[in-house]
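The values are calculated or read from the model by the stated rules, or taken from the named source; none is laboratory data. All values derive from a computational prediction rather than experimental measurement. Remember, those area values only see protein heavy atoms, side chains included, never the ligands or the DNA or RNA. Shrake-Rupley method; radii C 1.70, N 1.55, O 1.52, S 1.80 Å.
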Amino acid sequence: MSTHVFTAQDASGRRCRIRAIRDEETASASHPTPDAHPVYVLEDGSRVRRIDNDTFQVVATGAYVTRVPD
């Protein structure tokens, strides 16, 4: 399993950290499963879904956050 962490910001300017968690064993399997995609979570454990390269949506609230440089 590997984890990549980056910073995002909401419309009001609050910053948060998003972790992209990927199970390397599942991702490299000869028959990948739907779970082979990374799972994105905020630092408090809330799930987010990736909209595009820089935009994510918090599943529980519908709020959008945008990736910003660290």
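When all protein chains stay in place and ligands, DNA and RNA are ignored, the 1.4 Å accessible-area order of Ile51, Ile18, largest first, is Ile51, Ile18.
Ligands, DNA and RNA aside, Thr61 has an accessible area near 100 Å² when probed at 1.4 Å. For the range 10-18, 3J(HN,Hα) computed residue by residue from phi via the Karplus equation (6.51, -1.76, 1.60; θ = phi - 60°) reads 8, 5, 8, x, 6, 9, 8, 10, 10 Hz, glycine and proline entered as x.
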